[in-house]
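Structure first, then comments.
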Amino acid sequence: MEYKKVKPYKELEPFIHFYWELKGNEFEQQWERVFPDGCAGIIINLGNKCLTDNGSLSMEFGKTYVVGAMNSFKDSFIDIDTHLIGVCLKPATFANFYSYASQNELINDTVELEKSNSFSIDKTCNNPFNYFDHFYSERIKNKNNQLQSELNDIHSTNGTISIYELAKKILRL
């Protein structure tokens, strides 16, 4: 299996952790476990069918899917012809790009997006990460993520800030 991550355009860094690409290889097939990280993701399948959500969903070639934030792991079967490209959004940023559904409705779900919200297969194949930068730069609805300051505090302390300290900063106690 081949996996790589690419940083987004600087303007998008407050909203997007990274872009990624995963390809199977001719020597092995395996179940790959993805652990919850609080982030929604968007995936396009450029390979043959890919089983995900512990085998309960088959992602089809050329389709774009939203993966809601998870509170449990998911297993996906990576076959020799698997080719997925995706976007890992930062927490609470999905609504800056999509008005699809509220994120709490998508928890632990993988759902196919309608064509108007889907990636172009041709543009994704030609230069995926440059295309994603343009795609998301054009879609930003609200450049001010209301939780950005709090997310920065959580990231800068590597998650060690207490709920009390975070609430104190937010409520200015």
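The values are calculated or read from the model by the stated rules, or taken from the named source; none is laboratory data. Remember, predicted model here, so these are calculated numbers, not experimental data. Because the Cβ atoms are built from the backbone with ideal geometry, glycine has one as well, and the counts that use them run over all protein chains shown. Remember, those area values only see protein heavy atoms, side chains included, never the ligands or the DNA or RNA. Shrake-Rupley method; radii C 1.70, N 1.55, O 1.52, S 1.80 Å.
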### Task
Run the dipole for the chain about the Cα centre, Lys and Arg Cβ at +1, Asp and Glu Cβ at -1, nothing else charged, and hand back the magnitude in debye, nearest 20.
720
### Message
If the elastic network links every pair of Cα atoms under 10 Å, which of 26, 114, 13 fluctuates the most in the Gaussian network model of the chain?
### Response
26
## Note on the structure
Computed over segment 1-101, the relative contact order (Cα-Cα under 8 Å, seq sep at least six) in percent reads 37
### Task
Starting from the Cα of residue 130, step 7 Å along the direction of its Cβ; do the same at residue 160; then give the gap between the two resulting points in nm.
4.2
### Query
With point charges of +1 on the Cβ of Lys and Arg and -1 on the Cβ of Asp and Glu, referenced to the Cα centre of segment 1-150, which listed residue (36, 12, 106) lies farthest in the positive direction of the dipole?
12
### Message
Net charge within 14 Å of residue 45 by Cβ-Cβ distance, Lys/Arg positive one each and Asp/Glu negative one each, not counting residue 45 itself?
### Response
-3
### Summary
Under the helix-only model (-39500 (n - 2.57) for each DSSP H run of 4 or more, divided by the residues of the chain), the mean residue ellipticity at 222 nm, to 500 deg cm²/dmol, is -6000 deg cm²/dmol
### Task
Output the pairs from 10/90; 49/115; 7/49; 90/168; 23/115; 23/49 with a Cα-Cα distance over 20 Å in this structure; if there are none, say none.
7/49; 90/168; 23/115
### Task
Would you look at the GNM of the chain, springs on alpha carbons closer than 10 Å, and say which of 76, 137, 162 moves the most?
162
### Message
In whole Hz and in residue order, list the ³J(HN,Hα) couplings for segment 47-57 that follow from phi through the Karplus curve 6.51 cos²θ - 1.76 cosθ + 1.60, θ = phi - 60°; x for Gly and Pro.
### Response
x, 6, 3, 10, 6, 9, 6, 6, x, 8, 9
### Message
Please compute the Kirkwood hydrodynamic radius over segment 1-112, one decimal place, Å, based on all pairs of different Cα atoms.
### Response
14.3
### Where 73, 61 fall by accessible area, highest first, once all protein chains stay in place (1.4 Å)
61, 73
